[in-house]
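J.: Quick one: this structure, given as structure tokens, is what I'll be asking you about.
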Amino acid sequence: MKNFYKLLTIIALVAVIGFSLAACNFDNDKDDDNGGGGGGGSLLTITGLPSGDYSVSVFAAGTSLSSSSDFVSASSNMGTTWQATGGSVTNKFRLWIPGTLVNLWTGSGNREVLLYDYDNLTYQRATVDFSSGSATVPYSSFTTAW
């Protein structure tokens, strides 16, 4: 019986933590997320993005993404790829330096962006102009990657 109460307490604690995280509204996150790891910015916003489950990868300017083999080759060079989180609930993607979820990417300039649609299993691409790691681009700017 004692073990049952312990299990019930653990389940309740996990549920409380889960519901607390689910209730967080990251769209209104106004701080600069500068936890010593990267600075402000690091947010790609895609306006007009249809609802769905997406991820993005950002590549250095001039990276060829005209074929799936180009994508595989570019992805293997982690020094030029920045992975992102988000998209399934929102049109905003946080950009992280590869290999860490602590350091936000803060680069500037034109970058190749690859948008992956998990629902339709398709890739779309666009060239996006970033400033201090942030950019806003309309979904209509994306074209089929291959």
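Only the coordinates and a few stated rules stand behind these numbers; no lab work does. Keep in mind that what you see is a predicted model, and the values were worked out from it rather than measured. Positions of Cβ are generated from backbone atoms using ideal geometry, with glycine treated the same way; all protein chains shown enter the neighbour counts.
J.: Can you compute the modelled spin-label distance between S141 and S73, with each label point 7 Å from Cα toward Cβ, in nm?
T.: 2.6
J.: Amide H of N110 versus every other amide H placed in the peptide plane: which residues, excluding those fewer than 5 positions away on the same chain, fall under 5 Å?
T.: Amide H neighbours of N110, under 5 Å, 5+ apart: F130.
J.: Which residues in region 107-125 have a backbone N closer than 20 Å to a point placed 7 Å from the Cα of S132 along the Cα-to-Cβ line?
T.: 107-111
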